[in-house]
1. What residue, among those in region 56-71 that are among the small types (Gly, Ala, Ser) and in a loop (DSSP other than H, G, I, E, B), is farthest from Ala179 (Cα to Cα)?
2. Collect the residues in region 158-184 that are within 16 Å of the ligand (Cβ to nearest atom) and either farther than 16 Å from Val107 by Cα or in a helix (DSSP H, G or I) (or both), keeping them in residue-number order.
3. Does any residue of region 103-110 turn out to be more than 16 Å from the ligand (Cβ to nearest atom), outside any helix (DSSP H, G or I), in contact (Cβ under 8 Å) with a residue 60 or more places away in the chain and open to solvent by 40 Å² or more (accessible area, probe 1.4 Å)?
4. May I ask you to list the residues in region 74-95 that are surrounded by fewer than 20 Cβ atoms within 10 Å (Cβ to Cβ) and not in a loop (DSSP other than H, G, I, E, B)?
5. Which is at pLDDT below 95 and away from the ligand (no atom under 14 Å from the Cβ), of Glu219, Glu120?
6. Quick one: Lys141 ticks every box in (1) over 21 Å from Leu313 (Cα atoms); (2) of a type in the set (D, E, K, R); (3) within 13 Å of the ligand (Cβ to nearest atom) except a single one, so which number is it?
7. Kindly list the number of the only condition in (1) touching a helix residue (DSSP H, G or I) at 6+ places or on another chain (Cβ under 7 Å); (2) open to solvent by 10 Å² or more (accessible area, probe 1.4 Å); (3) more than 21 Å from Ile211 (Cα to Cα) that fails for Ile142.
8. Looking only at region 262-281, how many residues end up being surrounded by fewer than 20 Cβ atoms within 10 Å (Cβ to Cβ) and either in contact with a Pro (Cβ under 8 Å, 6 or more places away or on another chain) or under 14 Å from Asn147 (Cβ atoms) (or both)?
Amino acid sequence: MKYTLSLLLTLILVSCSTSKKPVSEQTTQNTVTAQEPINQASLVLDIKQSMEYLASDELEGRATGSEGIEKAAVYIENYFKKNGIKPYFETYRDSFKLKDIIGYNVVGVVEGNDPKLKNEFIILGGHYDHIGFGKEVNGDKIANGANDDASGTIAAMEFAKHFAKTKTNKRSILVTLYAAEEMGLKGSAHLAERLKNEGFNAYTMINFEMIGVPRSSDESLSYMSGYERSNFAETLNNYAGEEVVGFFPKAKEYQLFMRSDNFPFFKELQIPAHAISTFDFTNFDYYHHVDDEADKMDYDHMANFIAKMIPALEGMMNAETKEVVLKDE
Ligand SMILES: [Zn+2]
């Protein structure tokens, strides 16, 4: 996510209000298969393990083109292999050139279990790059990027792992982790264009951005950028049977919809493609700061967010028809 400092300071000084929306009964039911409840304790351990590595000083803030991001890519590839998430292309890497550096998105697939619906894809993403070094504070120069966006990266990895294990998704999942987001959404733009040129059959896209800390309790668990552009949020809430994704006025005011890796997919593929976040400018002071560290993350919150999103995602993967649609502008 790209913000000017002054904008950020204004945002921090402004608090916001969200209205709790009733969940209507429009969408079809029984799209969520009964399965054993998610083991929150082991989910917390899994998240913690990935976060402590991806946001470690060893990876030096995962700048695109650095050794640190190479280590991050290898970690994600091994995680995919270990959890039955297959490469979508020949390898897991979707490489692109940026002046004199090579960037690479990491892309995996969890095939759907329905002979027809498996040809339709739901893209789940996050950016695994960060800025590398930041303004020095007490001798610390490494901008570890725990919340931005190791948290979203880990959420996408955990969703892919869950469905690769349970095989409860009728539609297929493309899990996509982007490089060069901090350089202007370069990785996602490259992949969106490539998929378009290859005639990729995408249904929807969700980008998970900064989900490491909870919003205050009187607000929805998370919010969706570009809320008004489609019926995505309310449809997910109906599948979940509760409000997991809400409306956040500041997200609209500051056009967050166009500032995150969902936007190239919206532009290139003309599909409902939005970001989901729990960062509301009042709950995290270390944006693009060397103190955006793993120990600032709330693992119980991250596990709760992931567990609550799963029935919503599963509903979308299994609905007979494409119930999530863009609204006319
Ligand atoms: Zn970010």
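1. If we filter region 56-71 for residues that are among the small types (Gly, Ala, Ser), which is where we start, we get 56, 61, 63, 65-66, 68.
Now narrow it down to the ones that are in a loop (DSSP other than H, G, I, E, B): 56, 63, 65-66.
Numbers: Ser56: 17, Ala63: 8, Gly65: 9, Ser66: 11 Å.
Ranking the candidates gives Ser56 first.
2. Just the residues of region 158-184 that are within 16 Å of the ligand (Cβ to nearest atom), to begin with: 176-184.
Across region 158-184, the qualifying residues are Glu182, Met183, Gly184.
3. For region 103-110, residues more than 16 Å from the ligand (Cβ to nearest atom), outside any helix (DSSP H, G or I), in contact (Cβ under 8 Å) with a residue 60 or more places away in the chain and open to solvent by 40 Å² or more (accessible area, probe 1.4 Å): absent.
4. Going residue by residue through region 74-95, those that are surrounded by fewer than 20 Cβ atoms within 10 Å (Cβ to Cβ) are 74-75, 77-78, 81-84, 86-87, 89-91, 93, 95.
Correct list: Val74, Tyr75, Glu77, Asn78, Lys81, Lys82, Lys86, Pro87, Arg93, Ser95.
5. Numbers: Glu120 fails: at pLDDT below 95.
Answer to the selection: Glu219.
6. Unmet for Lys141, out of (1) over 21 Å from Leu313 (Cα atoms); (2) of a type in the set (D, E, K, R); (3) within 13 Å of the ligand (Cβ to nearest atom): (3).
7. Exception for Ile142: condition (3).
8. As a first pass, look at region 262-281 and keep what is surrounded by fewer than 20 Cβ atoms within 10 Å (Cβ to Cβ): 267, 270.
From the residues that got through so far, the ones that are either in contact with a Pro (Cβ under 8 Å, 6 or more places away or on another chain) or under 14 Å from Asn147 (Cβ atoms) (or both) too are none.
Residues that pass the stated criteria total 0.
The values are calculated or read from the model by the stated rules, or taken from the named source; none is laboratory data. If you're wondering where the values come from, they're calculated on a predicted model, not measured in any experiment. No Cβ is skipped: glycine too gets one built from the backbone with ideal geometry, and neighbour counts run over all protein chains shown. The accessibility values were calculated without ligands, DNA or RNA, using every heavy atom of the protein model including side chains. Shrake-Rupley method; radii C 1.70, N 1.55, O 1.52, S 1.80 Å.
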